[in-house]
Amino acid sequence: MRTLLLAAVIAIATWAGGWTAVPLVAFLWGAWRRDERNSTLAAGFAASIGWGILLGVAAVRVPVLTVAEQVGGLTGVPGVAVVGVTLVFAFALAWSAAEVARTLVLLAVRRGATDE
């Protein structure tokens, strides 16, 4: 359930602030959920779900697959691959930002524990 909520937050943040909102939201998530080993994967999956939702909403108004086919034609890949790479990009952005945050916070906690 948390992953779906995070997906909604990422979708809204992306809609409002652009793709750079993904690593920002995921970084905050990774810091907040630092004690959960799978929190970084959840952030990645949530980003893919969120962007998938945005693509689905856009498809109602714009022929997303037609645009993907045109972009794919420029790069020499099928349009479906363009959509897939878009979702993988969202996953990678979120996962890496959440992992960096989680690691930094855990290191700070450990450093604080050894300083005492």
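Give me the percent relative contact order of the stretch 2-115, please, defined on Cα pairs under 8 angstrom at least 6 residues apart.
About 37 percent, as a whole number.
What does the convex hull of the alpha-carbon atoms of the chain project to on average, in nm²?
Dividing the Cα hull surface by four gives the mean projection, 8.2 nm².
For the pair VAL60/MET1, report the inter-label distance in nm, with labels modelled 7 Å from Cα in the Cβ direction.
That separation, rounded to one decimal, is 2.6 nm.
Along the Cα-to-C-beta direction of LEU74, a point sits 7 Å from the Cα; which residues of the stretch 2-22 have their amide N less than 18 Å from that point?
19
Which length gain, in nm to one decimal place, applies between LEU87 and ARG110 when the Cα-Cα distance is subtracted from 0.36 nm times their residue separation?
4.9 nm
Are there chymotrypsin sites (Phe, Trp or Tyr not before Pro) in the stretch 1-44 that DSSP marks as loop and that have at most 14 other Cβ atoms within 10 Å, and which are they?
Answer in residue order: TRP19.
A short reminder: the numbers here are calculations on the coordinates, not readings from a lab. Because the structure is predicted, anything quoted here is derived from the model rather than measured. Glycine gets a Cβ as well: all are built from the backbone with ideal geometry, and neighbour counts include every protein chain shown.
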